[in-house]
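Nothing in this text is a laboratory measurement; each read-out follows from the coordinates by a stated rule. Everything numeric in this text was worked out from a predicted model, so none of it was measured. Please note: Cβ atoms are built from the backbone with ideal geometry, for glycine as well, and neighbour counts cover all protein chains shown.
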Amino acid sequence: MSVSGATVTGSHFSAGDVAIVVTVVVLLAVSALLAVAETSLVRMSRAKALGLADEGRRGARLLVRLSTDPQGFLNPVILGVLVCQLVVATLVGLLASEWFGAWGVVIATAFEIAVIFVLGEAVPKNWAVRHPERAALFSAPLVAALVSFWPVRMVSVGLNGIANALIGGRSPAGGEVTESELLAMADVAVEGAVIEREERALIHSIIDFGDTVVREVMVPRPAMVSADAHDTVEAALDVALEAGYSRLPVVDGSADDVVGIAYTKDLVRAVRSGHASEPVQDHVRAAHFVPETKRVAQLMREMQAASFHLAVVVDEYGGTAGVVTLEDLIEELVGEIVDEFDVEEPPFVRLADGEVSVSGRMGVDEVNDLLGAELPTGAWDTVGGLVLDLLGHVPAAGEEVTVARHRLVAERVTGRTIDRVRVAPVDGSGSSPDDGSLP
């Protein structure tokens with residue numbers, strides 16, 4: 001008889017046909033499992049696998065081992081998928097040719113597209129994408145067993161060697177997480193309400209902390225408060241109390257000649273013991289000197305190990321560039337720390353019309369993060385340094401310069417130091433968004 005023009009050569013299933021159909025179903029199921037494994041394990045980072053292992057999830061230890069070398073399991077899995085689908089396609093083609101004759105090729109092709117793609121690829125991979133952890137934990141034991149099966153391992157190693165020869169060497173092990181990926185994950189976690197914005201800011205600060213050098217966080221030389229070595233203990237104590245500092249660098253005539261650090265508690269003890277009129281240099285402790293290019297993370301560890309809270313920062317010529325305290329380093333992580341009775345000017349103040357007033361000592365990168373701007377970076381670290389470089393001279397209050405579609409105004413200048421800078425966005429013509437005038 002005929003079906004839609006196709007002649008059926010057999011009227012019933014033979015035992016061989018039944019065996020082929022069962023084989024096709026089994027291979028489709030294996031192909032689907034391997035597709036789940038391929039998608040879920042490739043998407044699983046080593047960091048995530050370690051997290052699952054810490055939670056005590058079943059199969060997580062195998063997952064950690066697999067994620068250490070993705071290339072080690074990926075090739076056997078891909079090989080398994082390919083073998084299953086090729087065998088299924090061949091068997092379906094044989095059955096279709098036997099049952100439908102010349103139309104068997106067309107019917108087999110339609111079946112392979114509709115069934116093999118849907119059941120062997122789309123459904124399992126989409127499920128793995130929607131349930132990555134569950135799929136990875138489920139697949140890990142199966143893939144580990146497949147990889148350890150010596151015939152599969154030998155064939156995979158051989159084919160993998162050919163692939164590596166063609167692409168020029170073995171690819172590096174996967175699973176590493178870059179800083180940019182960590183930052184992106186923190187941003188995504190905030191959007192998904194997994195962590196708070198304050199936690200995201202702390203994560204960003206910790207990552208940036210490793211790249212920060214002492215020069216970026218120190219109190220620069222012009223802002224240093226110090227006592228002269230020949231001042232009396234009482235006079236040095238007055239300077240410390242007026243500034244509100246517990247430690248003062250003591251210099252011998254010039255800031256480049258630091259003879260030690262005076263502790264306020266030592267000065268108070270000396271005054272109460274009747275040594276108020278003695279030179280302060282007789283009551284100092286040894287100073288710690290660090291280069292301005294030192295990483296702040298390393299300096300913090302040294303401060304903790306040696307129990308000192310203040311270091312003198314020197315430049316490449318041996319001159320004093322400034323001082324840095326443990327509080328300065330901690331503020332890089334948690335933000336500004338202000339004592340109960342201190343009245344300090346905020347480093348960042350939003351004004352009208354989208355303008356902001358920032359401290360001249362504020363880092364350019366920090367301003368870019370807060371404003372979403374692209375102010376240039378270079379030999380300078382601060383906004384004040386950027387203005388100074390662009391103008392080419394120490395500006396008077398009110399002088400301005402435009403860069404990266406932002407107008408920078410030297411709002412307040414003390415001596416040769418730019419204390420405050422007003423940042424105003426400008427449009428393409430170089431004027432402010434409102435009327436082009438500055439308040």
Please list the equivalent ellipsoid semi-axes of the stretch 214-334, computed as the square roots of five times the alpha-carbon gyration tensor eigenvalues, in descending order and whole angstrom. 25, 15, 12
Treat the stretch 332-419 as a sphere of radius equal to its Kirkwood radius over Cα pairs and apply Stokes-Einstein at 25 °C in a medium of 0.890 mPa s; give the translational diffusion coefficient in µm²/s, rounded to a whole number. 177 µm²/s
How much length would be gained if the chain were fully extended between Ser205 and Leu183, taking 0.36 nm per residue of separation minus their Cα-Cα distance, in nm to one decimal? 6.9 nm
For the residues Val233, Val251, Val280, Val194, what sequence is obtained by ranking on other C-beta atoms within 10 Å, fewest first? Val194, Val251, Val233, Val280
Taking 0.36 nm per residue of separation between Val129 and Val426 and subtracting their Cα-Cα distance, the length gained on full extension comes to 102.5 nm
Using only the alpha-carbon atoms of the chain as identical scatterers, what base-10 log of I(q)/I(0) does the Debye formula give at q = 0.08, 0.09, 0.10, 0.12 Å⁻¹? -0.73, -0.82, -0.90, -1.06
Net charge near His283 (other residues with Cβ under 10 Å of its Cβ; Lys, Arg +1; Asp, Glu -1) is -1
Using a Förster radius of 45 Å, what is the FRET efficiency between Leu391 and Arg301 based on their Cβ-Cβ separation? Nearest 0.05, please. 0.70
Taking the chain as the reference, fit the longest principal axis to its C-alpha atoms, fit the long axis of helix 233-243 to the helix C-alpha atoms, and give the angle between the two in degrees, 0 to 90, nearest 10. 50 degrees
Arrange Lys48, Lys125 by Cβ neighbour counts within 10 Å, fewest through most, would you? Lys125, Lys48
For the chain, which longest stretch is free of loop sites, where a loop site is one of the GluC sites (Glu not before Pro) that DSSP puts outside H, G, I, E and B and that has at most 10 other Cβ atoms within 10 Å? 177-315
Amide H within-cut-off set for Lys294, under 5 Å, with H built and near neighbours excluded: Val214, Arg215
Whole-Å distance, taken between Cα centres, linking the stretch 349-369 and the stretch 293-322: 27 Å
Can you sort Val239, Val157 by how many other beta carbons sit within 10 Å, fewest first? Val157, Val239
What is the magnitude of the charge dipole of the stretch 255-332 about its Cα centre, with +1 placed on the Cβ of each Lys and Arg, -1 on the Cβ of each Asp and Glu, and no other charges, expressed in debye to the nearest 20? 440 debye
Excluding Met224 itself, calculate the net charge of residues whose Cβ lies under 14 Å from the Cβ of Met224, where each Lys or Arg counts +1 and each Asp or Glu counts -1. -3
Show which lysines lie in cross-link reach of Lys48 when reach means a straight Cα distance below 30 angstrom and same-chain residues fewer than eight apart are skipped. Lys125
Paramagnetic reach from Glu55 in the stretch 190-220 [backbone N under 18 Å; point 7 Å along Cα→Cβ]: 190, 192-196
How long are the semi-axes of the ellipsoid equivalent to the stretch 14-173, from square roots of 5 times the Cα gyration tensor eigenvalues, in whole Å, largest first? 33, 19, 13
In debye to the nearest 20, the charge dipole size for the chain, taken about the Cα centre with +1 at each Lys and Arg Cβ and -1 at each Asp and Glu Cβ, equals 3000 debye
Around Val356, what is the net charge, scoring Lys/Arg as +1 and Asp/Glu as -1 over all other residues with Cβ under 9 Å from its Cβ? +1
